[in-house]
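A short reminder: the numbers here are calculations on the coordinates, not readings from a lab. Predicted model, so just to flag it, every value in this text is computed and none were measured.
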Amino acid sequence: MFKIIFIAVAVIVVTIGLVWLIDKYVPSKVKPVLTIALWALIFYLGYLTFMSIYEPIQFNKVKNKRYAAVIEKLIDIRDAQLAHQQVTGKFAPTFDNLVKFIDTAQFTITQRRDSTVIDEELTRRYGGVETTKEITIIDTLGFKSVKDSLFKNTDRYKTMMNVPNTDAQFEMQAGLLEQNDLKIPVFEASVKKSVILHDQDKDLIAQENQVVSVDGVNGDALKVGSMEEVKTNGNWPKTYGDSE
């Protein structure tokens with residue numbers, strides 16, 4: 001923004017100053033040459049002003065489109081990892097493990113129901129007086145494919161590791177985080193902004209890496225999950241989609 005303001009002010013000041021100087025001090029014979037040079041300078045400064053406004057606008061359009069595509073992939077990775085954790089009790093360490101899991105794993109469909117049964121210990125304690133207790137019974141009703149549950153009739157999970165518009169793949173880690181004497185499964189999948197925006201202006205990428213905003217993606221990467229705290233949400237705002 002400061003760059004845009006500076007260039008715009010410079011265009012106005014230089015133009016007014018040159019016009020005044022030519023009119024006041026330059027001989028009539030030289031005025032045509034200087035006038036042409038002045039117009040050339042004005043057009044050049046105008047071009048710089050235009051590009052200083054146009055480039056960030058185009059950058060943001062490209063950024064928003066690519067971020068949206070990347071976030072769709074990260075959501076698929078998160079959903080697959082949560083299914084893996086639900087079935088196996090841990091997160092998958094690699095994409096190969098995750099894809100194989102989706103191809104073969106099944107969710108167990110259960111039903112919980114309350115029931116009353118005789119409490120044999122209390123019945124004996126009370127001299128044979130029948131005593132009951134409430135219990136919860138979990139019935140297994142069947143099984144459902146993880147692949148069909150999460151991805152229905154598509155096989156996009158087989159390419160969820162690929163970062164859109166690049167030849168790169170997401171970085172992914174999984175492990176255990178010790179918290180309150182408990183070891184809790186965690187995972188993280190991420191990609192640097194510089195990878196997503198690899199063909200864009202380097203200065204604008206550097207500015208994007210420094211973003212601190214409730215409406216932007218803070219930090220230098222898009223990611224879901226964390227290896228440092230227990231969470232499975234993404235670091236993007238809701239304007240890009242569901243981060244939970």
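Observations on the model:
- Taking 0.36 nm per residue of sequence separation and removing the Cα-Cα distance, the VAL87/ILE118 pair yields an extension gain of 7.9 nm.
- Added length on full extension, which subtracts the Cα-Cα distance from 0.36 nm per residue, ASN153 to LYS238: 27.9 nm
- Derived scalar couplings ³J(HN,Hα) [the stretch 215-229; Karplus, 6.51 cos²θ - 1.76 cosθ + 1.60; whole Hz; x for Gly, Pro]: 9, x, 8, 6, x, 9, 8, 9, 8, 9, x, 6, 8, 10, 8
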